Each structure stands twice: as C-alpha cells, then as structure tokens.
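Below is one structure; the comments refer to it alone.
The values are calculated or read from the model by the stated rules, or taken from the named source; none is laboratory data. The model shown is predicted, which means the values in this text are computed figures rather than measured ones. Cβ: placed from backbone, ideal geometry, glycine included. Neighbour counts: every protein chain shown. Just so you know, the surface numbers come from the protein's heavy atoms only, side chains and all, with ligands and any DNA or RNA stripped out. Shrake-Rupley method; radii C 1.70, N 1.55, O 1.52, S 1.80 Å.
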Amino acid sequence: MASLPPSETAHAAVLAIGTANPAKCVAQEEYVDWYFRVTKSDHLVDLKAKMKRMCDKSAIRKRHFSCSEEMIASHPKLLDHGVPSLDARLDIVKDAVPELAMAAAARAIAEWGRPAADITHLVVSTNAGAHAPGADACLAALLGLRATVQRTVLYMHGCSAGCSALRLAKDIAENNRGARVLVACSEIFLIAFAAPDEAHLDTLVAASLFGDGAGAVIVGTDPRASVEHPVFHMVSTSQTTIAGTNKSVSLQLSERGLDYKISSEVPALVRAGIERCLVDALAPLGLAGGRRGGWNHLFWAMHPGGRAILDSYEAALRLEPGKLTVSRRVLSEYGNMSGAAVIFVLDELRRRRRRDGEESEYCEWGAMVGLGPGLTVETMVLRATGGGHVDHEGKNSTTA
C-alpha cells in the first residue's frame with residue numbers, strides 16, 4: 001500500500017467544503033411537463049415522449065434551477081434557435097454565477113474558521129460566462145477578500161472543471177508558502193437552456209441531466225493546529241485524454257448560447273479506456289488495481305456525469321456494489337451540476353465518513369475522477385484524514 005513522504009504537510013489538503021443550490025427545485029418526474037410547457041413545445045409529442053424516457057432512465061430524483069418560468073417568459077429569444085440570444089444569457093448569468101458561488105464559499109469559510117481576508121488565492125470555474133472582469137472579481141468583492149488576492153478564472157472546462165480547479169489549487173498551495181486557496185465552482189444551466197428541436201437532439205440530453213449548483217473548497221498546506229482541520233490530503237494529480245475521443249464531448253459558445261455535443265458512444269469509450277488512465281495515474285503510488293480484486297481497496301469520488309457513465313466506471317473497474325453510492329446519490333439529488341458536482345461528492349464522502357463514528361470502516365486512500373470535453377480524464381489521488389467539521393444535520397446551503 002502507498003504511503004506519503006515523511007513530511008505529510010508538504011501535500012496540499014482540503015481544509016473546508018461548502019455547497020449551495022438555488023431554492024427552486026423541480027422533481028424529475030415533473031420536469032418534462034414543466035420543460036415543454038415553459039418552452040411552448042407541448043405540440044412536439046414525439047420529442048416529449050423521447051425526453052420522458054430519458055428522464056425515467058436518468059436515476060435523477062430532482063434538480064435545482066436559478067431560472068423561473070417568469071424569467072423564461074420574459075426572454076422569448078431564449079427559446080428560438082434562429083434568434084441570437086447569447087447576450088441575454090450572459091447578462092442573466094453575470095450576477096447569478098458569483099451569487100451562487102458566494103453562498104457555497106461563505107459556508108466553506110465559516111467551516112474553515114479563519115477570516116475571509118486570510119485567503120491569498122481565488123480560483124473560480126464556470127461554464128456559464130465569458131466576462132472580464134468576471135465571476136472571480138465579483139466573488140472577491142462579495143466576500144470582502146483583500147484587493148491583493150490572486151485571482152484565476154477557468155471557463156469552458158465542462159464537467160471536469162471542478163477537478164481542474166482543484167488541481168490548480170493544489171499546485172498554488174504547494175508552491176506558495178502559507179497560501180490559502182479558495183476554489184469556487186458555480187454552474188447555471190441557463191447558458192445552455194433551449195427549446196426542444198428535432199435538429200438539436202443534444203438539447204434534450206442536456207436538459208434531462210443538468211442542474212444548477214455551486215461548490216467551494218479551501219486548500220492549503222501546513223494546517224494550523226486546533227484551527228484548521230484537513231479533510232483529504234491531495235497527494236497527486238494527472239490529466240490524460242482517451243485516444244480518439246476529441247469529438248465525443250464538446251462545448252461551444254454560439255449566438256444561441258452554449259451548445260453541448262455529447263456522443264452516445266461516451267459510456268462505451270469510458271468503459272474501454274478509463275482503467276488504462278487510472279493505472280497510469282495510480283501505479284506510481286502503488287495503488288493500481290489488481291486483475292481479480294479490481295479497484296475495491298480505494299474509495300471513489302467519481303464525477304456524476306450520468307447514470308450510464310457511473311455504470312461504465314463500475315463495470316470497467318469491477319467495483320463492488322456500493323462503491324459509487326455517493327456519486328449516485330449526488331446525481332439523484334441534484335443531477336449533473338457540471339464542474340460543481342464533484343465537490344458535492346467530496347462533501348458527501350466526508351459526511352458519511354464522520355457519520356455515527358464509522359470512520360474506521362472506510363478506505364483511507366481514494367481517487368477523484370472527472371471527465372472533460374474531448375474525454376479528458378482528470379484524476380487526483382486523495383488520502384482521507386480524521387479532520388473536518390460538518391454541521392449536525394449534514395445539509396448543504398440553499399440560496400433564494
């Protein structure tokens with residue numbers, strides 16, 4: 001089994017986690033009727049039936065959204081594929097993204113236990129935006145961070161955005177003595193929301209999966225005794241692209257908003273290629289899975305991209321039932337929140353580890369995995385600790 005170098009504090013650690021969702025919640029069983037009503041598309045009977053089948057198979061119970069029926073009605077250009085609507089979308093998400101990020105970040109800072117002014121670096125990721133100054137500058141102002149905070153914003157990293165942001169935070173923390181990095185991932189699906197259309201079937205796929213949410217993490221090295229409580233040590237990171245998949249998943253801003261292209265072959269590609277990626281990432285630490293036992297000696301923080309994706313991970317890695325329970329629960333309760341979703345998975349993982357004093361029953365070592373456009377695989381090796389605080393009810397925050 002792998003072990004950390006003598007100086008464990010040399011590795012960056014997750015010091016606090018916060019999550020947030022908009023107050024508006026739609027049950028998945030009601031979503032199709034809601035979606036076709038607000039888009040004035042009830043006459044598209046076949047498409048509605050197709051989307052109903054998608055939602056029934058999605059393993060999603062409910063999702064949260066910032067947009068209301070009134071908001072959509074007041075912006076009719078959002079529903080017409082032939083009318084430019086990007087400006088209107090960007091105008092709406094310009095404030096919504098940092099406000100949702102603030103709700104999650106405020107929770108993380110409160111758990112962390114130190115003043116917001118002690119944050120030295122800020123990394124913000126979102127697929128909903130194209131602004132400068134952007135969500136990073138707005139979030140810094142909303143939180144009252146110092147004017148000297150070093151800001152970085154990541155746009156258009158897709159579902160791997162949270163993993164990419166945490167990888168960057170690890171590098172910053174380990175190469176800047178005393179750094180405390182706030183990572184905030186905030187996703188608003190309105191940037192891609194569109195009416196159903198036979199010519200754009202990817203719209204149905206996205207509409208059946210994605211929801212709104214924000215996750216925040218504080219990262220640092222050399223935690224202050226009695227004040228900071230590491231949750232996961234961030235041991236190593238890797239990024240690779242599954243060969244021949246650069247067109248399998250793509251995002252593109254167009255006049256009609258953010259266009260998702262998601263190939264139906266993605267689950268099969270994941271099933272065929274994910275183990276090779278993980279062997280390359282984990283073998284140097286002595287953590288690669290054996291042929292018989294698979295990878296069951298690790299805990300898994302898989303980004304919940306969809307039911308078929310999680311099924312593919314499970315099959316390819318020969319995982320025991322229950323190994324992906326946390327990712328499946330996040331998918332069920334929130335849908336695919338793109339980059340933010342993996343932070344919800346980390347939050348739920350640590351919550352279960354603390355619950356009822358069952359820490360000893362869980363694996364010490366694990367991996368966080370996310371898939372990005374072009375089927376880029378982001379992997380981070382994690383080592384769980386006994387630290388971290390969770391509110392007694394174990395609930396995430398919700399914004400109005």
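Just a few scattered comments:
- Listed by first and then second residue, the pairs linking a residue in the range 295-317 that is touching a residue at least 12 places away in the same chain (Cβ under 8 Å) to a residue that is acidic (Asp, Glu), with Cβ atoms under 8 Å apart and 6 or more places separating them unless they lie on different chains, are Asn296/Glu320; Ala316/Glu275; Leu317/Glu275.
- Test: Arg353 is modelled with pLDDT under 95, surrounded by fewer than 20 Cβ atoms within 10 Å (Cβ to Cβ) and more than 18 Å from the chain's Cα centre (by Cα): no
- Strands (runs of 3 or more DSSP E) (entirely within the range 166-279) containing at least 1 residues that are hydroxyl-bearing (Ser, Thr, Tyr) and either under 17 Å from the mean Cα position of the chain (by Cα) or farther than 20 Å from Tyr155 by Cβ (or both): 180-187, 232-241, 249-254, 257-262
- Some residue of the range 314-335 being assigned by the TED database to the domain that holds Arg354, surrounded by fewer than 22 Cβ atoms within 10 Å (Cβ to Cβ) and in a strand (DSSP E or B): no
- Residues of the range 280-313 classified as at pLDDT 95 or above and either in a helix (DSSP H, G or I) or open to solvent by 30 Å² or more (accessible area, probe 1.4 Å) (or both), total: 7
- When the range 157-209 is filtered for residues that are open to solvent by 20 Å² or more (accessible area, probe 1.4 Å) and polar (S, T, N, Q), the ones remaining, listed by number, are Asn175, Asn176, Thr203.
- Any chance Glu275 is touching a Pro at 6+ places or on another chain (Cβ under 9 Å), open to solvent by 40 Å² or more (accessible area, probe 1.4 Å) and at pLDDT 90 or above: no
- Elements of type helices (runs of 4 or more DSSP H) in the range 19-116, at least 2 residues being within 20 Å of the chain's Cα centre (by Cα) and of a type in the set (Asp, Glu): 86-112
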